[in-house]
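What follows is a short report on a single structure.
The values are calculated or read from the model by the stated rules, or taken from the named source; none is laboratory data. Only a predicted model underlies this, so the values are computations on that prediction, with no experimental measurement involved. Please note: Cβ atoms are built from the backbone with ideal geometry, for glycine as well, and neighbour counts cover all protein chains shown.
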Amino acid sequence: MKLQDIINRTPIPQPWAEGEKIPWNDPDFSQRMLAEHLSQRHDAASRRNDLLDAQVAWIHEWVLSGNPTQILDLGCGPGLYTSRLARLGHTCVGIDFSPASIGYAKASAAKEGLACRYRLADIRQAEYGAGFGLVMLLFGEFNVFRMEDARLILRQAHAALAPGGLLLLEPHTLEAVAEIGKTLPHWVSHSSGLFSPQPHLLLTEAYWDETRQIATERYFVIDAAAGEVARHAASAQGYSPAEYEQLLVESGFAEVTIHPSISGGMDARQAAFCGIVARRGSEQ
Ligand SMILES: C[S@@+](CC[C@H](N)C(=O)[O-])C[C@H]1O[C@@H](n2cnc3c(N)ncnc32)[C@H](O)[C@@H]1O
């Protein structure tokens, strides 16, 4: 793209039409993103260690009652949950389409001899396997899928669970998705950053589709030397608590409970999310 293409852009983007999501699966981007996942300066890509530890303790003690089981982590990133859960006696499988994250997760598991296996795959197309006691999809990633893909993922998660097994979602609240869509346009300059290793300007704008409850963000990355523009976009579907429950029940789940967080309490670092636990009926 050229600078003029920014001027000529469609004023209001169609959700998902300008990009499915930020390019997690691009090898170079994923390498830069891995540094953000592991950073202890912020909770932007993954949580910092203290919060990860608190969330894993809640999953182990409260969701799983301390009983070792087989866990499938969809969008597992660098394996920060699976590695901790494996140390507590669980056997874990992680699926993610970020090459750098899966490479890091595999190397960490091999180094420590953890009961974790990882697969580089898109969770919209991957084979999930079967017989899991827990399937989880954390840190708001559920919302970034179109509704038909979210339904597909839930159906596959249901099929991957053993009878009586549990699903754990950590989606965004509706209010948090609306806030993303209502963010005012802004820009920053970077000598090197997540979207480019070269000096660039990053222009961000967002839209909120009130009727469809969808936030869409656009990122224009302007290379400082060449003036060339790369565009990325991501959309997020908002759901009310009742809509989450309906979606889960339609996908075959029962006993849906919604919690303020996945660490048992409420704090500012988790205020944009909630925790949802649901069960695959034992009769299925
Ligand atoms: C916000 S990060 C969270 C990573 C991890 N759950 C954590 O909290 O540390 C979202 C993850 O989902 C992965 N992801 C997004 N869409 C995906 C897809 N369609 N298939 C597989 N992985 C996907 C990304 O690569 C990224 O690792």
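Some notes on this structure:
- Single residue of R117, R84 found to be in a strand (DSSP E or B), more than 17 Å from G165 (Cα to Cα) and either more than 9 Å from the ligand (Cβ to nearest atom) or not charged (D, E, K, R) (or both): R117
- Among (1) modelled with pLDDT under 95; (2) on the phi > 0 side of the Ramachandran plot; (3) touching a Gly at 6+ places or on another chain (Cβ under 8 Å) - the single one S282 does not satisfy: (2)
Results for (1) within 21 Å of the chain's Cα centre (by Cα); (2) within 9 Å of the ligand (Cβ to nearest atom); (3) in contact (Cβ under 8 Å) with a residue 40 or more places away in the chain, shown as yes or no for each residue.
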site	(1), (2), (3)
L64	no, no, yes
Q70	yes, no, yes
L74	yes, yes, yes
G79	yes, yes, no
L88	no, no, no
C92	yes, no, no
S101	yes, yes, yes
A105	yes, no, no
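- Complete set of residues in region 175-204 that are in contact with a helix residue (DSSP H, G or I) (Cβ under 8 Å, 6 or more places away or on another chain) and either among the aliphatic types (A, V, I, L, M) or farther than 24 Å from R231 by Cα (or both): V177, L194, L203
- Test: residue in region 142-158 that is surrounded by 21 or more Cβ atoms within 10 Å (Cβ to Cβ) and acidic (D, E): no
Residues checked against (1) of a type outside the set (D, E, K, R); (2) within 24 Å of L169 (Cα to Cα):
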| position | (1), (2) |
| --- | --- |
| G193 | yes, no |
| P197 | yes, no |
| L202 | yes, no |
| V221 | yes, no |
| H232 | yes, no |
| S235 | yes, yes |
| F253 | yes, yes |
| R269 | no, yes |
| G275 | yes, yes |
